[in-house]
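The values are calculated or read from the model by the stated rules, or taken from the named source; none is laboratory data. The structure presented is a predicted model; accordingly, all values stated were derived computationally and were not measured. Please note: Cβ atoms are built from the backbone with ideal geometry, for glycine as well, and neighbour counts cover all protein chains shown. Remember, those area values only see protein heavy atoms, side chains included, never the ligands or the DNA or RNA. Shrake-Rupley method; radii C 1.70, N 1.55, O 1.52, S 1.80 Å.
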Amino acid sequence: MSIEELESIAQAMVAPGKGIIAIDESTATIKKRFDSVGVPNTEENRRAYREMLLTAPKLGEHISGAILYDETIRQATKAGVPFTKIMMDAGILPGIKVDLGAKPLAGFPGELVTEGLDGLRERLAEYARLGAKFAKWRAVITIGEDTPSGTCIEANSHALARYAALCQEAGIVPMVEPEVLMDGDHDLDVSYEVTEATLRSLFGALYEQNVMLEGTILKASMVISGKDCPDQAAVDEVAEATVRCLKAAVPATIPGIVFLSGGQSDEQATAHLNAMNQMGPHPWPLSFSYGRAMQTAALTLWGKDMQANFAAAQNMVVLRAKQNGLAALGQWKK
Ligand code: 13P
């Protein structure tokens with residue numbers, strides 16, 4: 001696949017007023033989400049839940065792509081239509097999580113490194129055959145008293161860059177996600193420093209591994225106060241610090257930046273994205289790739305009564321998509 005083709009997929013992912021829904025929870029992570037609403041974590045419930053989301057009427061008006069998990073990309077609707085076909089028919093690009101999770105980094109207590117490079121070339125070839133147009137790899141950076149270490153940042157950047165190069169070889173757009181966690185009592189300045197150092201390291205590694213930035217999407221965490229910080233930065237402060245940080249560390253060649261929600265409330269995630277876009281224009285489109293902030297309200301309804309609340313849950317996910325789509329244009333109103 002040519003760079004032009006990768007570039008056009010990347011641009012479609014961040015088309016004006018559109019963003020991504022992340023529904024790539026691993027079986028262990030979806031169990032936590034299902035437990036919170038009392039739904040048993042069976043394969044059929046996982047399939048039914050993802051069917052509810054992916055068949056939501058007009059989801060494609062504000063959603064350009066959905067990130068799936070290995071099990072999900074192989075699943076179909078109750079009527080037997082593959083999810084990937086449902087998505088392509090709705091104008092929603094299939095994406096796939098390809099990392100195998102963040103594991104403890106040996107020698108660095110409290111820090112994580114994401115695994116999954118072994119055999120990745122073969123797995124990507126299969127995902128491309130199954131219809132994946134883009135992929136995701138999430139690295140986790142933890143802020144603590146003595147963390148993150150330079151070693152943790154570099155090890156994760158190196159893995160992200162090797163993953164990204166393999167994706168492009170397979171004709172799949174890599175979404176590179178270095179998530180700086182909101183956990184902790186750090187303030188906005190610390191979040192800024194760590195995020196900037198992480199992004200600088202990542203783009204250095206992408207350059208070294210010959211990754212074509214024109215065919216790469218950055219999935220970033222916002223520069224935001226730690227969850228337990230007594231001094232919570234306001235919406236405009238988060239937006240200003242995040243944009244300043246991205247401008248300092250992300251090349252203008254990147255076709256788009258999407259954010260994770262990372263534990264923010266639905267409304268906070270929308271308000272922050274909207275505020276950033278109101279400060280534009282920026283060198284890149286800024287949009288969303290939310291998991292929890294797209295799904296929590298829909299999951300809560302569906303979990304109460306899968307049959308009776310099916311349509312209401314679909315309306316809820318479409319509503320979140322619409323609100324975030326407006327925020328991606330800086331046109332959301334509370
Ligand atoms: P959240 O928006 O729930 O953080 O999930 C996004 C995601 O895909 C993290 O990898």
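The table below gives the values:
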| item | result |
| --- | --- |
| Residue count, the stretch 1-38 (criterion: in contact with a strand residue (DSSP E or B) (Cβ under 8 Å, 6 or more places away or on another chain) and either closer than 23 Å to Met212 by Cβ or assigned to a helix (DSSP H, G or I) (or both)) | 10 |
| Residue list for the stretch 165-188, filter: outside any strand (DSSP E or B) and over 19 Å from Gln264 (Cβ atoms) | Ala165, Leu166, Cys167, Gln168, Glu169, Ala170, Gly171, Ile172 |
| Strands (runs of 3 or more DSSP E) completely within the stretch 210-321 that count 3 or more residues being hydrophobic (A, V, I, L, M, F, W, C) and at pLDDT 95 or above | 217-220, 257-259 |
| Residues being within 17 Å of the chain's Cα centre (by Cα) and in contact (Cβ under 8 Å) with a residue 24 or more places away in the chain - total across the stretch 62-120 | 22 |
| Candidates Gln278, Gln295, filtered to the one that is of a type outside the set (Val, Ile, Thr) and surrounded by fewer than 19 Cβ atoms within 10 Å (Cβ to Cβ) | Gln278 |
| Where a residue in the stretch 290-308 is within 16 Å of the ligand (Cβ to nearest atom) and its partner, wherever it lies, is open to solvent by 50 Å² or more (accessible area, probe 1.4 Å), with Cβ under 6 Å and at least six apart | Ala297/Met316; Ala298/Met316 |
| The stretch 12-56 - residue that is among the basic types (Lys, Arg) and in contact (Cβ under 8 Å) with a residue 60 or more places away in the chain and, of those, surrounded by the most Cβ atoms within 10 Å (Cβ to Cβ) | Lys18 |
| Within the stretch 39-114, helices (runs of 4 or more DSSP H) holding 2 or more residues that are in contact with a Phe, Trp or Tyr (Cβ under 8 Å, 6 or more places away or on another chain) | 43-54, 70-73 |
| Test for Gly144: is it on the phi > 0 side of the Ramachandran plot, away from the ligand (no atom under 13 Å from the Cβ) and surrounded by fewer than 19 Cβ atoms within 10 Å (Cβ to Cβ) | no |
| Within the stretch 255-275, tally of residues that are touching a residue at least 40 places away in the same chain (Cβ under 8 Å) and either near the ligand (Cβ under 9 Å from one of its atoms) or under 11 Å from Gly330 (Cβ atoms) (or both) | 9 |
